[in-house]
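The values are calculated or read from the model by the stated rules, or taken from the named source; none is laboratory data. Note that the coordinates shown come from a computational prediction; the quantities given were computed from them, not determined experimentally. No Cβ is skipped: glycine too gets one built from the backbone with ideal geometry, and neighbour counts run over all protein chains shown.
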Amino acid sequence: MTSASSSSARSLFAESKQRLAERVQVNMNNISSLARQIQRGSKSNELLSKAARDMASAEHQIESSEENLKKMQLIGVHMGYQFENIQKSAQMLNEISEKVKAMQR
């Protein structure tokens with residue numbers, strides 16, 4: 001009987017040892033998977049911070065462009081006023097020329 005219980009105990013021990021080895025392997029796989037996810041997470045964090053920096057830079061450029069467009073619009077309005085004044089002056093020159101010619105007759 002002793003040999004039967006001894007072989008049964010050895011068999012149980014071997015099975016336990018095998019299950020323990022399998023669990024250790026599963027845990028190692030889980031740890032490596034977790035490490036990969038953490039590494040990906042840190043890279044995505046870097047990508048997010050880079051995207052935020054780029055967005056802040058682009059936002060500044062957009063604001064600057066908007067200011068430049070407003071300035072250009074104001075310059076366009078002033079050029080319109082100057083054009084009107086030049087036209088009035090040219091018209092006045094024509095009228096003055098006609099008056100001078102009329103006076104010379």
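See the values below:
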| item | result |
| --- | --- |
| Options SER64, SER5, SER42, SER33; residue that is surrounded by fewer than 10 Cβ atoms within 10 Å (Cβ to Cβ), without any contact (Cβ under 8 Å) to a residue 60 or more places away in the chain and part of a helix (DSSP H, G or I) | SER5 |
| Residues of region 72-105 satisfying the condition of being surrounded by 10 or more Cβ atoms within 10 Å (Cβ to Cβ) and among the basic types (Lys, Arg) | LYS88, LYS99 |
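To keep it simple, each residue is scored yes or no on (1) at pLDDT 85 or above; (2) more than 18 Å from the chain's Cα centre (by Cα); (3) of a type outside the set (Ser, Thr, Tyr).
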site: GLU22; (1), (2), (3): yes, yes, yes
site: SER42; (1), (2), (3): no, no, no
site: GLU46; (1), (2), (3): no, no, yes
site: GLU59; (1), (2), (3): yes, no, yes
